[in-house]
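See below for the structure under consideration.
The values are calculated or read from the model by the stated rules, or taken from the named source; none is laboratory data. For clarity, every value in this text was computed on a predicted model and none was experimentally measured. All Cβ positions, glycine included, derive from the backbone under ideal geometry; neighbour counts span all protein chains shown. In case anyone asks, the SASA skips ligands and DNA or RNA and just uses the protein heavy atoms, side chains included. Shrake-Rupley method; radii C 1.70, N 1.55, O 1.52, S 1.80 Å.
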Amino acid sequence: MLIDKIKTSSSLIAGLDIGTAKICVVMGEVSRDGISILSINSTASSGLKKGVVNDIDAAATSIRKAIIGAEKFIGKPINEVFAGLTGAHIQSFASSGSAVIEGKTATLSDVEMALEAVSDIDIPLDREIIQIVPTDFIIDGQGGIKDPVGMSGSILTVKVIIFTSAVSSTQNLLQCCSRAELVVKDIILHPLASALASITPQERESGVAVIDIGGGTTDIAIYKNGWLRHAVVLGIGGNHFTNDLSVVLSIPFQEAERIKINSGYIMPQFANEHDEIEAITIDGNKKKMRQEDIYGILMSRSEELLELIKREITMANEADGYVSGAVLTGGASLLPGFNQLAEDVLSVPVRIGYPEQIANTYISEKPSDGLRHPGILNNLLPEFNHPMYATGIGLAIYGAEPLFTDENMLINRNFSAGMVNKLTGWFKNIL
């Protein structure tokens with residue numbers, strides 16, 4: 001029984017979002033009613049560039065600081081985390097594997113055999129498999145199967161997307177966590193984690209692009225017909241907007257960040273040529289600048305980023321059919337006017353991915369269980385309902401998933417991403 005998987009005492013799950021701009025620790029409490037977010041603690045990030053560790057000591061210190069803050073809130077030590085991974089070093093490719101259905105009715109063992117066949121591939125020595133995500137199951141030529149267990153047939157084939165990362169990047173991330181006194185239970189790709197906290201099953205079916213604009217990277221995950229179809233990491237994020245302001249206006253980076261947050265905007269209707277902003281220059285003097293100039297700088301970078309995103313969506317459309325919308329997450333997604341510009345450039349409806357929008361969306365596929373689906377977020381506090389927390393919340397949801405997944409149900413229709421890792425245990429702590 002599903003209910004036996006959850007102990008009388010609730011379980012704590014920690015999601016660790018290690019980003020270029022911030023380290024975010026999300027603590028979730030899992031009970032029979034679902035997952036509740038207890039706390040979210042963020043600290044400034046050090047030792048990372050474009051999502052990749054370039055200073056292990058500095059990054060480890062930032063992680064430890066964020067963990068200590070979370071521990072103080074919950075009053076318990078945090079020893080294990082589900083960590084996110086991003087960076088332009090991440091690559092993906094399609095593959096497939098097949099297995100003979102031994103008993104003429106597909107079982108979990110048959111699926112594992114097909115997945116093992118997928119994993120029997122050669123990859124460069126400097127790369128390793130991080131996640132293998134199913135994109136379709138086929139029995140005797142019949143595709144479009146999301147849960148093959150229990151179906152009759154002779155040959156089971158699974159189609160997948162295989163994600164690999166640079167071995168050095170993964171090792172450095174794990175070393176940082178180890179020095180911060182943490183055990184990494186699993187590594188999850190940022191775009192897949194963000195999707196867990198920001199899109200609905202209906203959007204996955206109709207086709208949606210999840211666009212998470214972080215500090216150093218932009219993560220994209222595209223879903224269609226309930227399956228992940230494409231995911232990529234672009235080496236441009238919110239820090240590039242800030243850096244543009246810093247260079248063009250000759251002001252310190254932190255001053256540029258302040259101006260971006262307080263006075264930045266994207267669409268021209270917000271511009272007023274008579275409005276002026278006072279800033280501190282690199283040499284410590286004060287100067288005034290026009291809001292219109294700030295708009296021009298941010299607009300140029302926004303258009304560049306959105307054109308790159310459009311290219312990825314177009315490639316996915318050509319392969320798997322058109323998406324019907326896009327969801328923006330990450331702190332930079334809240335720049336005034338960015339979502340309107342995104343609609344113009346991408347030519348699809350665009351919304352901001354607030355986590356509360358998926359709360360109460362997922363319902364158990366077996367109502368008689370008396371359990372709600374692991375995707376449900378109970379009592380999400382207003383201060384946690386922010387697109388910048390989508391990745392961290394998604395990591396906590398991912399960690400809670402096994403507690404709610406029926407052993408006889410291979411693919412959770414709402415959370416197919418990452419299930420293969422949990423079934424076969426391919427992720428290995430390489431420290």
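The number of residues in segment 146-172 that are open to solvent by less than 10 Å² (accessible area, probe 1.4 Å) and among the hydrophobic types (A, V, I, L, M, F, W, C) comes to 5. Taken together, the residues in segment 360-380 that are assigned to a loop (DSSP other than H, G, I, E, B), within 18 Å of V327 (Cβ to Cβ) and modelled with pLDDT of 60 or more amount to 1. For T20, the conditions (1) open to solvent by less than 60 Å² (accessible area, probe 1.4 Å); (2) closer than 19 Å to N385 by Cβ are fulfilled apart from (2). Among the residues of segment 381-399, at least one is of a type in the set (A, V, I, L, M, F, W, C) and either modelled with pLDDT under 75 or not in a helix (DSSP H, G or I) (or both). Exactly one residue out of E292, E304 is at pLDDT 90 or above and open to solvent by 10 Å² or more (accessible area, probe 1.4 Å): that is E304. Cβ-Cβ distances below 7 Å connect the following pairs, each with a first residue in segment 107-118 that is assigned to a helix (DSSP H, G or I), a second residue that is modelled with pLDDT of 90 or more and among the hydroxyl-bearing types (S, T, Y), and a separation of six or more residues or different chains: A114/S98; A114/T157; A117/S98; V118/S95; V118/S96. Note on segment 23-34: among residues that are out of contact with any Lys or Arg (no Cβ under 7 Å at 6 or more places or on another chain) and surrounded by fewer than 21 Cβ atoms within 10 Å (Cβ to Cβ), the one that is modelled with the highest pLDDT is E29. With respect to R311, is the statement that it is open to solvent by 60 Å² or more (accessible area, probe 1.4 Å), farther than 30 Å from E203 by Cβ, among the charged types (D, E, K, R) and out of contact with any Phe, Trp or Tyr (no Cβ under 7 Å at 6 or more places or on another chain) true? Considered against the rule, which asks whether it is open to solvent by 60 Å² or more (accessible area, probe 1.4 Å), farther than 30 Å from E203 by Cβ, among the charged types (D, E, K, R) and out of contact with any Phe, Trp or Tyr (no Cβ under 7 Å at 6 or more places or on another chain), R311 comes out as no. Criterion first (outside any loop (DSSP other than H, G, I, E, B), closer than 25 Å to A396 by Cβ, open to solvent by less than 10 Å² (accessible area, probe 1.4 Å) and touching a residue at least 24 places away in the same chain (Cβ under 8 Å)) does G97 satisfy it? Considered against the rule, which asks whether it is outside any loop (DSSP other than H, G, I, E, B), closer than 25 Å to A396 by Cβ, open to solvent by less than 10 Å² (accessible area, probe 1.4 Å) and touching a residue at least 24 places away in the same chain (Cβ under 8 Å), G97 comes out as no.
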